[in-house]
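The values are calculated or read from the model by the stated rules, or taken from the named source; none is laboratory data. Please read these numbers as outputs of a predicted model, since none were measured by experiment. Because the Cβ atoms are built from the backbone with ideal geometry, glycine has one as well, and the counts that use them run over all protein chains shown. Only protein heavy atoms, including side chains, enter the accessible area calculation; ligands, DNA and RNA are left aside. Shrake-Rupley method; radii C 1.70, N 1.55, O 1.52, S 1.80 Å.
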Amino acid sequence: MYLGLTPREEEIRAVAREFAEKEVLPGAAERDRTGEFPAALVRRMGELGFYGLPYPKEYGGGAEGTVAYSLAAAEVARCDAAVGLTMAVNATIGTLAVFLFGTEEQKQRWVPGVLQGKLISAFGLTEEGAGSDAAAVKTAAVWDGGGGGSSVGQGVGGAGQWIINGEKIFITNGSVADFVVVAAVTDPELGSRGISCFIVPTDTPGFRVAKKFTKMGLRCSDTAHLIFEDCRVPAANLLGKRGEGLKMFLTVLDTGRVGVAALSVGLAQACLEDSLAYAKNRVQFGQAIGKNQAVAFRLSETATEVEAARLLTISAARARDKVMEAAEKAPGQGGGRFTTEAAMAKMFASETAVRAALTTLQVHAGHGYCLEYRAERLFRDAKLMEIGEGTSEVQRLVIARGLGL
Amino acid sequence: MLNIAVCVKQVPDTEARLSVAADKTRIEEQGISFILNPYDEHAVEEAIRLKEKQGGTVTVFCLGPARAEEAIRTALAMGADKAVHLADAAFGGGDEGTAAAALEKAIAGKSFDLVLAGRLAIDDASGQVGARLAEKLGWPHVTAVTRLAVEGREAVANREIDGGSQVVAVTLPAVITAQRGLNQPRYPKIPDIMKARRKEVAKVTPADLGLSGGEVGGAGAKGKVAGLAPAPGRSAGKVIAGEPADAARKVVGLLRDEAKVI
Ligand SMILES: Cc1cc2nc3c(=O)[nH]c(=O)nc-3n(C[C@H](O)[C@H](O)[C@H](O)COP(=O)(O)OP(=O)(O)OC[C@H]3O[C@@H](n4cnc5c(N)ncnc54)[C@H](O)[C@@H]3O)c2cc1C
Ligand SMILES: Cc1cc2nc3c(=O)[nH]c(=O)nc-3n(C[C@H](O)[C@H](O)[C@H](O)COP(=O)(O)OP(=O)(O)OC[C@H]3O[C@@H](n4cnc5c(N)ncnc54)[C@H](O)[C@@H]3O)c2cc1C
C-alpha cells in the first residue's frame with residue numbers, strides 16, 4: 001500500500017518496530033496476566049525519544065512530526081496495546097495540554113521531563129457524572145486570596161491559591177503520574193465556559209488515589225480513580241485562560257484521537273497477522289482453513305480495512321502537522337483545527353480493530369477462545385479503542401457537527 | 001585527533017534469569033536477552049567524549065556470535081563511527097587468550113592511539129582481555145580507571161586500589177579499561193539508532209586477520225570451562241526474638257559458636 005511516507009518516517013517506523021518486537025512484545029502476555037505497570041519500559045521509551053517525536057526540540061522533542069509519532073505508536077500497540085496506551089496518554093494528551101496552552105515556565109517545568117522519560121503525565125477530565133458529557137464536570141476550583149484570580153478570560157497572578165475539590169475516574173496513568181492536568185469548574189454560573197484547567201502535581205497534599213480499576217483489557221495500563229481534597233495549587237498552575245478549560249481539553253483530544261487511531265491500527269495489524277498465520281497453517285478438511293472462501297474473504301476484508309484505517313490515520317496526523325506548522329508560522333492564530341479528520345480516523349480505526357479482533361477470534365475458533373493464543377487478548381484490548389477519548393457515538397456526533405449537521 | 005578502538009562484548013542482561021545449559025559448561029541462551037557489557041558502555045562513552053573534544057574516530061571491535069551485532073549497534077548509536085565484528089563461528093568457544101590474540105590482530109598496525117575496554121565482562125568476570133591485549137600489542141595499560149585525561153601523547157588515569165586511588169601516567173598508544181564511575185553513559189535516541197543503521201560493520205574471519213583455524217576459538221584455547229554451577233540458593237535466615245539486649249547477646253553467641261565468624 002502506498003502510504004506517502006517520507007523516507008525518514010519509514011525509517012522511524014522500522015526502528016520503532018525493531019524496538020517493539022525486541023523490548024515490548026516479550027513481556028506482553030505476562031503483563032496482561034499480572035497487570036503490573038511497566039515502569040522501566042515506560043522510562044526507557046522516553047529516553048529513546050518515543051514521546052518526544054511530535055514535539056519541537058526546544059522542549060526535548062524530536063521534531064519528527066505526528067505522522068512519525070503515529071507510526072511509532074502503532075508499532076508499539078502492535079506488540080502491546082497497553083504500553084501503547086500508556087505512551088499515547090503520556091505523550092499526546094497530558095503533556096500536550098501543557099505544551100499547547102502553558103506559559104513558557106510551565107512548559108519548561110513539565111514538558112521536557114516527560115519527553116525524556118523522567119516524568120509521567122495524566123489527563124483528568126472524566127468524572128462519575130461526566131463521561132461523554134465532558135461539560136458536566138463537578139470538580140471545583142475556588143480562588144482563595146483575593147486579587148488576581150478573579151476575572152474570567154484572563155490569566156491570574158497574585159499570592160492566592162486555587163483550592164481544588166472533586167473526583168476523577170478512569171484516569172490513565174493516574175496512580176503513576178507526576179502531574180495531572182485537571183478540568184475543574186471555576187465559574188459555575190457560566191456553565192461550559194466556567195471550566196478551567198489546572199496542573200496538579202501528584203505530591204500536592206490532598207491528592208490521593210482512591211483505587212486502581214481492574215480492566216478487561218489493556219491490563220498493565222494504569223487506570224485510576226483520583227480524589228482531590230482541598231488540593232491547593234498556586235495561581236501559576238492555572239493552565240491557559242480561566243474559563244477556557246473545556247475548549248482546551250477538546251483541542252487536546254483532537255491529537256489524542258489521532259493517537260488512539262494509531263493504537264487501533266497497530267492492534268488491527270496484529271489481528272491480521274495472527275489470523276493470516278493461523279489460517280495458513282491450520283488444516284481442516286485436508287487443507288489450510290484459509291483456502292476456504294468463507295475464511296479468505298473475511299481476511300480480505302480485514303486487510304482492506306486495516307489499510308484504510310492506516311491511511312485515514314496518517315492523513316489525520318498529516319493534517320495535524322499542517323496545523324502545527326501554521327501555528328508556528330503565525331503564533332496566536334491557533335493554526336486551525338483537524339477535529340473532523342481526527343474523529344473520522346479514530347472512529348474508523350477503532351471499529352476496524354474490534355472487527356479485526358473478532359475475526360481473529362473466529363479464525364482461531366477453539367484456540368482463540370482459550371488463552372494459549374493472544375487472540376482473546378487482542379479482542380479485550382481493542383474494545384477500549386471504541387470507548388476512550390470519546391466513544392464511537394461521540395465521534396459520530398463530532399463528525400456530524402463537522403458536516404454542518 | 002585521536003584514533004580510538006573500543007573493545008566491546010555482548011553479555012546476558014543483568015536482569016535475565018540465568019540457568020546452566022545441559023552440557024554444564026555454558027549458560028542457557030534460550031529465552032534470555034543480551035546487552036552491551038555495562039563496563040564497555042563506559043568505555044564507549046569515554047571514547048566518544050574524547051573524540052568530541054579532540055576530534056578523531058571511534059572504532060568498535062567485538063568478538064562474538066551474530067547476535068552480538070545488537071551490542072555493536074548500541075555502541076554505534078551512542079556515537080562510535082564504525083565497527084569490526086569478529087563473528088566467524090571459528091572464534092567461538094575460546095578463552096581470554098584467543099580473544100586477546102584475535103583482537104590484537106584486528107587492532108595492531110591500524111594507527112590507533114588508544115584502546116578502551118571494560119574492566120571486565122559481567123558474564124565470565126575474568127577481567128583479563130584488556131590487559132592481555134595490551135601485552136600482545138606491547139603497549140602500556142591501566143586497568144579499572146575512574147578518570148581519564150588525554151593530552152598530547154600522554155594519558156593520565158586514576159584507578160581504584162584498595163583503600164585509595166592511584167594516578168598513572170602512560171604514553172600513547174595505550175590500553176585503558178573502564179571502571180564504573182568513569183562517566184555516565186548516554187542513552188541513544190531514535191535518530192541516533194537510525195544513524196547507526198547506516199554505519200559500517202565489517203565482518204572479519206580468522207583468515208582476514210592472518211590467523212589459522214587452530215589459533216582461534218575452542219581450537220586455540222589453552223583453558224576450557226570444565227563445569228558451571230549456579231550459586232547455591234541462600235538458606236532462610238534466623239529471627240532472634242526477645243528483648244534487644246538479650247537478643248543481641250544470643251546473636252553474638254550464635255555468631256561465635258554456630259557460624260564461627262567471630
Ligand atoms: C481504560 C480507560 C482509560 C481512560 N482514560 C481516561 C483518561 O486518561 N482521562 C480521562 O479523562 N478519561 C479517561 N477515560 C474515560 C473515557 O474517556 C470515558 O469512559 C468515555 O469518554 C465514555 O464516558 P463514560 O464511560 O462515562 O460513558 P457514558 O458517557 O456514560 O456513555 C455510555 C454510552 O452512552 C453513549 N452516549 C452518551 N451520550 C451520547 C449521546 N449524546 N449520543 C449518543 N450516544 C451517547 C456512549 O457512546 C456510550 O455508548 C478512560 C476510560 C477507560 C475505560
Ligand atoms: C469452551 C469450549 C468448549 C468445548 N467443548 C467441547 C466438548 O465438550 N467436546 C468436544 O468434542 N469439543 C469441544 N470444543 C471444541 C469445539 O467444538 C471446536 O473448537 C469447534 O468445533 C471448532 O473447531 P476448532 O476450534 O478446531 O476450529 P477449526 O475447525 O480449526 O476452525 C478454524 C476456523 O476455520 C473455519 N473453518 C474450518 N473449516 C472450514 C470450512 N470448510 N469452510 C469454512 N470455514 C471453515 C472455522 O469456522 C473457524 O473459523 C469446545 C471448545 C471450546 C472453546
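Brief remarks on what is shown
- Residue tally, condition within 16 Å of ligand 1 (Cβ to nearest atom) and open to solvent by 20 Å² or more (accessible area, probe 1.4 Å), over segment A:260-307: 0
- Qualifying residues in segment A:279-303 (those that are within 8 Å of ligand 2 (Cβ to nearest atom) and in a helix (DSSP H, G or I)) - the one farthest from the other protein chains (Cβ to nearest Cβ): A:Q293
- A:L85 vs. criteria away from ligand 2 (no atom under 16 Å from the Cβ), open to solvent by 10 Å² or more (accessible area, probe 1.4 Å), within 29 Å of A:L311 (Cα to Cα) and in contact with a Leu (Cβ under 9 Å, 6 or more places away or on another chain): yes
- Candidate set: segment A:24-38, residues that are within 13 Å of chain B (Cβ to nearest Cβ) and under 21 Å from the mean Cα position of the chain (by Cα); chosen: the one most open to solvent (accessible area, probe 1.4 Å): A:L25
- Subset of segment B:148-201 [farther than 18 Å from B:E41 by Cα, part of a loop (DSSP other than H, G, I, E, B) and open to solvent by 60 Å² or more (accessible area, probe 1.4 Å)]: B:R153, B:D162, B:G163, B:R198, B:E200
- Restricting segment A:82-137 to residues that are of a type in the set (V, I, T) and part of a loop (DSSP other than H, G, I, E, B), the residue that is farthest from ligand 1 (Cβ to nearest atom): A:T103
- Test: residue in segment A:308-328 that is open to solvent by less than 10 Å² (accessible area, probe 1.4 Å) and within 16 Å of ligand 2 (Cβ to nearest atom): no
- The single residue among B:K203, B:K136, B:K189 that is assigned by TED's automatic domain parsing to the domain that holds B:R26, modelled with pLDDT under 95 and basic (K, R) turns out to be B:K189.
- Filtering segment A:385-399 to residues that are assigned to a helix (DSSP H, G or I) and either among the hydroxyl-bearing types (S, T, Y) or crowded, with 16+ Cβ neighbours inside 10 Å (or both) leaves A:M385, A:E386, A:S392, A:V394, A:Q395, A:V398, A:I399.
- When the residues of segment A:367-398 are filtered to those that are within 19 Å of A:A356 (Cα to Cα) and of a type in the set (K, R), the one that is farthest from ligand 1 (Cβ to nearest atom) is A:R374.
- Just one residue in the set A:L361, A:L405 is within 15 Å of ligand 2 (Cβ to nearest atom) and either open to solvent by 70 Å² or more (accessible area, probe 1.4 Å) or more than 14 Å from chain B (Cβ to nearest Cβ) (or both); that residue is A:L361.
- Number of the exception - A:A382 against (1) away from ligand 2 (no atom under 16 Å from the Cβ); (2) part of a loop (DSSP other than H, G, I, E, B); (3) hydrophobic (A, V, I, L, M, F, W, C): (2)
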